[in-house]
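Let me begin by presenting the structure, written as structure tokens, before commenting on it.
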Amino acid sequence: MHQILEDLTWRYATKKFDSEKVVSDENFEVLKESLRLTPSSYGLQPLQFVVVENKSIRNQLVAASFGQAQVQDASHLFVICIEEAIDDALIDSYVSAVIDTRNVDPERIVNYANYMKKIIGEMTNDERITWASKQAYIALGQLLHTCATMRIDATPMEGFDADRYAEILDLKTKKLRPVLVCPVGYRHQSDGMQHEKKVRRDADKLFKKM
């Protein structure tokens, strides 16, 4: 079996973490860099990743996660947020980064910048939220694969009260909207789900040749 397939077969949505096991600082930096390198539409990355370390705060978040203890027991907790201020300033910041990083003549990129401003500027607020949320899911997928490669467990979560998260973490003042939650760490030996076979649709039902 190819190593990538072994990694993806190994991973599962961990139901119980071993709270005594902690992801090393070195490995956690790799996870962070993986998220920083995640692809996004236009390269704009309208995201921020909130890392919740405070155990007292994480305990509050369990209740806002419908009692899912992984939020408290995991080594680290990522809250993947989208930025609500998706505007010309975000695009200008990205363009400046391109100019500085690639030593590009500003005149070469001005048309592309204006194109992005036009496309995003014509979106409704709901459309911007939907668009940005899709970028969050791309980041989550990259995080899950990186974790699997490093044999770090993770639990992707949509089941949480976003409004309560925003209140507990004071995200509204930062103009951030929580979209996804992902505890990471190491599975507890008593978590029976780690021994269950994956249930997925057969390939012939998923792939069609045209």
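The values are calculated or read from the model by the stated rules, or taken from the named source; none is laboratory data. Fair warning: this is a prediction, and the values are worked out from it, not measured in the lab. We place every Cβ from the backbone using ideal geometry, glycine too, and count neighbours over all the protein chains shown.
Among the residues of the range 48-71, those identified as surrounded by fewer than 22 Cβ atoms within 10 Å (Cβ to Cβ), within 26 Å of residue 38 (Cβ to Cβ) and in contact (Cβ under 8 Å) with a residue 40 or more places away in the chain are 48, 49, 50, 52, 57, 64, 68. The C-beta contact set for the range 171-195 (first residue assigned to a helix (DSSP H, G or I), second residue surrounded by 15 or more Cβ atoms within 10 Å (Cβ to Cβ), distance under 7 angstrom, 6+ apart or interchain) comprises 172/166; 193/12; 193/15; 194/12; 194/187.
Among the criteria (1) out of contact with any strand residue (DSSP E or B) (no Cβ under 6 Å at 6 or more places or on another chain); (2) part of a helix (DSSP H, G or I); (3) of a type outside the set (Gly, Ala, Ser), the one residue 86 does not fulfil is (2).
Scanning the range 21-69 for residues that are among the β-branched types (Val, Ile, Thr) and either farther than 14 Å from residue 168 by Cβ or part of a loop (DSSP other than H, G, I, E, B) (or both) yields 22, 23, 30, 38, 51. Exactly one residue among 138, 86 is at pLDDT 95 or above and of a type in the set (A, V, I, L, M), and that residue is 138.
Is it fair to say residue 163 is surrounded by fewer than 10 Cβ atoms within 10 Å (Cβ to Cβ) and either part of a helix (DSSP H, G or I) or not charged (D, E, K, R) (or both)? No: the conditions fail for residue 163.
Restricting the first member to the range 100-117 and to residues that are within 14 Å of residue 44 (Cβ to Cβ), and the second to residues that are of a type in the set (A, V, I, L, M, F, W, C) and exposed (fewer than 13 other Cβ atoms within 10 Å of the Cβ), no beta-carbon pair is closer than 9 Å while six or more apart or on different chains.
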